[in-house]
Amino acid sequence: MKLLLTVLKRIHKPAVYTRHQRRLSSRASSGLLPLQDEAVIVGSSPELVQRLCSQVAVRTVFITEEEEGALLQELEPGLKKKRYEFDHWDNAIHGYRETERARWGATCEEVLNRVRSVAFPQGSPLLGPVHILDLDKTGYIKPHIDSVKFCGSTIAGLSLLSDSIMRLVKEDDANEWLDLLLPRRSLYILRDQARFNFTHQILKDEESVFSGQRVPRLRRISVICRNLPG
Ligand code: OGA
Ligand code: MN
């Protein structure tokens, strides 16, 4: 494992910072040291970061603690009835349970409308139900590209309960990559090339290091909106 991590580290150098945003994550409220830098996107080269910057976004502090609480309150009862799945070695996702939800209470609906209005062009037909993915602390998402048959150009996700790192790697050239720091309560958006030509993954806790800084990965719930293929 040590060797693997060393190799990964080498592959993912040098990093270039971009998108300096104000970040107020659980780190601040828990008294932990803030990350040295407030960049939320780093990549293999300035050119790549520049090229993808219109197709990848991380909006920090996108929802309030109260809104996160409202989402959790609606989601937890249904999720708790399911068991985390660990045993499908060929699955893209390890250590997860999931559900879909079409109808929401007023607070959650308002949050989702905000997501829709920033992430999708007006009038773009969306996949009806919202996808909910609950990753156990030991869970992770392997590199994959979402089905082009079932979803369109844009994927937008809220991260609840934990900070995490999403890694994008160019499908035909592993030297081209971006790491996105997804603080708890942030929104990320992937569209077009970033969605079609790059795999995305959520790193497991042991590998969760952003730009040299450890980002503990706890249980994480994502609330994902997608549009329909055009
Ligand atoms: C997926 C996926 C990312 C996330 O379910 O296809 O990539 O934020 N999820 O959970
Ligand atoms: Mn995906």
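The values are calculated or read from the model by the stated rules, or taken from the named source; none is laboratory data. Everything quoted here is computed from the prediction, not taken from an experiment. Quick reminder, even Gly has a Cβ in these numbers, built from the backbone with ideal geometry, and neighbours come from all protein chains shown. Calculation scope for accessible area: heavy atoms of the full protein, side chains included, ligands and nucleic acids excluded. Shrake-Rupley method; radii C 1.70, N 1.55, O 1.52, S 1.80 Å.
If you go through the range 118-127 one residue at a time, do you hit one that is surrounded by 16 or more Cβ atoms within 10 Å (Cβ to Cβ) and closer than 15 Å to residue 222 by Cα?
No, there is no match, as no residue in the range 118-127 is surrounded by 16 or more Cβ atoms within 10 Å (Cβ to Cβ) and closer than 15 Å to residue 222 by Cα.
Among all residue pairs at least 6 apart or on different chains, which show Cβ distances below 6 Å where the first residue, located in the range 110-138, is polar (S, T, N, Q) and the second is open to solvent by less than 40 Å² (accessible area, probe 1.4 Å) and modelled with pLDDT of 95 or more?
124/227; 138/95
Output the qualifying pairs, or none if there are none: Cβ atoms under 8 angstrom, residues six or more apart or on different chains, first residue in the range 199-214 and assigned to a helix (DSSP H, G or I), second residue β-branched (Val, Ile, Thr) and surrounded by fewer than 16 Cβ atoms within 10 Å (Cβ to Cβ).
205/138
Any residue that is over 27 Å from residue 121 (Cα atoms), open to solvent by 40 Å² or more (accessible area, probe 1.4 Å) and in contact with a Lys or Arg (Cβ under 9 Å, 6 or more places away or on another chain) - is there at least one of those in the range 37-45?
Yes.
For the range 130-150, give me each residue that is more than 9 Å from ligand 1 (Cβ to nearest atom), more than 22 Å from residue 42 (Cβ to Cβ), surrounded by fewer than 20 Cβ atoms within 10 Å (Cβ to Cβ) and not hydroxyl-bearing (Ser, Thr, Tyr).
136, 137, 148, 149, 150 - these are the residues of the range 130-150 that are more than 9 Å from ligand 1 (Cβ to nearest atom), more than 22 Å from residue 42 (Cβ to Cβ), surrounded by fewer than 20 Cβ atoms within 10 Å (Cβ to Cβ) and not hydroxyl-bearing (Ser, Thr, Tyr).
Residue 179 fails exactly one of the following numbered conditions: (1) touching a Ser or Thr at 6+ places or on another chain (Cβ under 6 Å); (2) buried (at least 19 other Cβ atoms within 10 Å of the Cβ); (3) among the acidic types (Asp, Glu). What is the number of that condition?
(1)
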